[in-house]
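Notes to accompany the following structure.
The values are calculated or read from the model by the stated rules, or taken from the named source; none is laboratory data. These numbers come from a predicted model, not from an experiment. Glycine also receives a Cβ, built like all others from the backbone with ideal geometry; neighbour counts cover every protein chain displayed.
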Amino acid sequence: MSECIFCKIANGEIPSKTLYEDELFRVILDLNPATRGHALILPKAHAASLYDLPDETAEAVLVLAKRMAQIMSDRLCCDGLNLIQNNGEAAGQTVSHFHLHMIPRYVNDGQTLGWVPGEATQEELEEIRREMTE
Ligand code: AMP
Ligand code: ZN
């Protein structure tokens, strides 16, 4: 994965504003932050998306997110926090190296994240439940 920019950043070949680093991860500030303190958790080993992430990394990433969340709350005094993780172009993923967005939120920060709520009947929900479980 010699051309992957997040591999290069995660492994220190390209400088970044690093908030935290250990054997598995580097946490950096996003270059185009949605809000003040928007950070990305990058695994050092290349995995294109959640589908490719080893279980060990998948487990560790949320523990690290929790630790970073506390730092964001303590140091940035944010009022809330969104975790966002895009997989695939259709979902808005622009860099094909797994990353977890941590977006601190502030009252009246003017940022709009989210989705348009849809509608579904009980029958439709049941059909989906069957499709996914039977
Ligand atoms: P996604 O759309 O989920 O793939 O998010 C990619 C994120 O990476 C965006 O929020 C970009 O602003 C951010 N980004 C891209 N290149 C860099 C870079 N060199 N350093 C820091 N953040 C970056
Ligand atoms: Zn990579």
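Select, from Gly80, Gly114, the only residue that is at pLDDT 95 or above and not charged (D, E, K, R). Before the answer, list the steps.
Numbers: Gly114 fails: at pLDDT 95 or above.
Among Gly80, Gly114, only Gly80 is at pLDDT 95 or above and not charged (D, E, K, R).
Looking for whichever is in contact (Cβ under 8 Å) with a residue 40 or more places away in the chain and either exposed (fewer than 15 other Cβ atoms within 10 Å of the Cβ) or away from ligand 2 (no atom under 14 Å from the Cβ) (or both) here; the options are Leu81, Leu19. Which one fits? Working first, answer last.
Values: Leu81 fails: in contact (Cβ under 8 Å) with a residue 40 or more places away in the chain.
Result: Leu19 is the single residue among Leu81, Leu19 that is in contact (Cβ under 8 Å) with a residue 40 or more places away in the chain and either exposed (fewer than 15 other Cβ atoms within 10 Å of the Cβ) or away from ligand 2 (no atom under 14 Å from the Cβ) (or both).
Mind checking which residues of segment 87-111 are more than 8 Å from ligand 1 (Cβ to nearest atom), assigned to a loop (DSSP other than H, G, I, E, B) and free of Cβ contacts under 8 Å to residues at least 40 places away in the same chain?
Answer for segment 87-111, where residues must be more than 8 Å from ligand 1 (Cβ to nearest atom), assigned to a loop (DSSP other than H, G, I, E, B) and free of Cβ contacts under 8 Å to residues at least 40 places away in the same chain: Asn87, Gly88, Val107, Asn108, Gly110.
Could you tell me which residue of segment 52-78 is farthest from ligand 2 (Cβ to nearest atom), considering only residues that are surrounded by fewer than 16 Cβ atoms within 10 Å (Cβ to Cβ) and more than 21 Å from Glu23 (Cα to Cα)?
Residue satisfying both the conditions and the ranking: Cys77.
Restricting to segment 68-86, and then to whatever is within 15 Å of ligand 1 (Cβ to nearest atom) and of a type in the set (A, V, I, L, M), can you tell me which residue is nearest to Glu3 (Cα to Cα)? Write out each step before concluding.
Within segment 68-86, the first condition is being within 15 Å of ligand 1 (Cβ to nearest atom), and the residues that meet it are 82-86.
Then keep just the ones that are of a type in the set (A, V, I, L, M); that gives 83-84.
Values: Leu83: 27, Ile84: 24 Å.
So the residue we want is Ile84.
Name the residues in segment 29-39 that are surrounded by fewer than 21 Cβ atoms within 10 Å (Cβ to Cβ) and either in contact with a helix residue (DSSP H, G or I) (Cβ under 7 Å, 6 or more places away or on another chain) or within 12 Å of Ile9 (Cβ to Cβ) (or both), would you?
Hits for segment 29-39 are Leu29, Asp30, Leu31, Arg36.
Looking only at segment 7-27, how many residues end up being farther than 17 Å from Ala60 by Cβ and within 12 Å of ligand 1 (Cβ to nearest atom)?
9
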